[in-house]
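The values are calculated or read from the model by the stated rules, or taken from the named source; none is laboratory data. Nothing here was measured: the structure is a model prediction, and the numbers come from that model. Cβ atoms come from the backbone with ideal geometry, glycine included; neighbour counts cover every protein chain shown.
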Amino acid sequence: MNGSAAPAVPDVSFVVIAYNERVNIVRCLTSITSQVGGASYEVVVVDDGSGDGTASLVGELAARSAEISLIEHPRNRGRGAARQTGITAARGALIAMVDADIVLPEDWLENCRGALAIHDADAVGGIAVPDGDVSYVCSRFSLRPRPVRPTVPVGGGNGLYRREVFDSIGVDPSLSEGEDVALNREMEASGFRSRTLSEVIVEHREDKNFLQSLRWLYESGRGASRQFIRYREVRTPDLALVGQLAAIGLGAALRRQGIDRRIAWTFPCAYLIAASGGHLRRKFEIRGNAGRFSLATATYALLMGGYFAGRITGVPRALRDSSKTRPVG
């Protein structure tokens, strides 16, 4: 016979998206290649136009491991496009999506594969700790995080899917964030079943500084406005925004009545700090951390202010986009 045999189809394709993740990518890939259970696998890394040498580092790892392959976007195209690129290249009967700043426990794949069968599900995922929106204050103030269920059944950071899901639907390549929310909506509308595995905990090792975190939360706010306008579902963050706008309105009304500005603007500032503290209480252990928690709350109030700003500035674009697209479900 002429030519070589076609490579065997792996049991699982891990799709790892990375943008400027040189600090984290080795830990992530090591946690994937260290999975127990005996399943065959491939790892498809999509470098989304990184400028910090992530691609070259992954290329070195791929040269030493037949299971790892690298796909490079010449420019940053966003999370949705990166995920779809990786899914298109994946060959496995199961597809795992993992972010480059996630470290999986060694039994992640074994537990997730078992859960697909036990729960008759099409997709399952664990809980990332700490949650993404509080990772900066977690590392900056050495707080003890709590596992908090994601806002969707399977978050984008770690999830295992049957291939049939992506044979039927895809990830929206136009979304730079919130692509996992849109995917969960598409799955629900198409009759696919998904489940959060509360017993599966993965480590989230984000490496953003304060300004990067502020920008990320601002963009997340813009995305949350898009989700609200598209799906018309009221969530806790939407109620928090209403409270902040009400507090700002109260401050403005008091100023018009001649109240000193320092008193008038106490109300929106106090609300922002209270909302930040309440949010952090859900996600961290407070006992023994009172001093650090207070500093973390003050810092997170600034970050939450960036999120609220993104919510407000994201509305006009979301309204324009909603007139061009039809909601799912």
Quiz item: Out of GLY251, GLY221, GLY258, which single residue is surrounded by 13 or more Cβ atoms within 10 Å (Cβ to Cβ) and either assigned by TED's automatic domain parsing to the domain that holds GLY156 or free of Cβ contacts under 8 Å to residues at least 60 places away in the same chain (or both)?
Solution: GLY251
Quiz item: What helices (runs of 4 or more DSSP H) completely inside the range 70-163 contain at least 3 residues that are assigned by TED's automatic domain parsing to the domain that holds ARG193 and farther than 27 Å from SER190 by Cβ?
Solution: 135-141
Self-check item: Identity of the residue in the range 279-295, closer than 15 Å to ARG146 by Cα and more than 21 Å from the chain's Cα centre (by Cα), that ends up surrounded by the fewest Cβ atoms within 10 Å (Cβ to Cβ)
Solution: ARG287
Practice problem: Tell me, yes or no, whether the range 267-284 has at least one residue that is in contact with a strand residue (DSSP E or B) (Cβ under 7 Å, 6 or more places away or on another chain), in a helix (DSSP H, G or I) and not aromatic (Phe, Trp, Tyr). | Solution: yes
Quiz item: Do you know which of the residues in the range 161-184 that are more than 12 Å from the chain's Cα centre (by Cα) and of a type in the set (Ser, Thr, Tyr) is farthest from ALA90 (Cα to Cα)?
Solution: SER174
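Every residue, every condition in (1) under 16 Å from MET97 (Cβ atoms); (2) buried (at least 20 other Cβ atoms within 10 Å of the Cβ), yes or no:
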position	(1), (2)
HIS119	no, no
GLY125	yes, yes
PRO130	no, yes
PRO150	yes, yes
GLU177	yes, no
Quiz prompt | Condition check for SER194: in contact with a helix residue (DSSP H, G or I) (Cβ under 7 Å, 6 or more places away or on another chain), touching a residue at least 60 places away in the same chain (Cβ under 8 Å) and closer than 21 Å to ALA318 by Cβ | solution = no
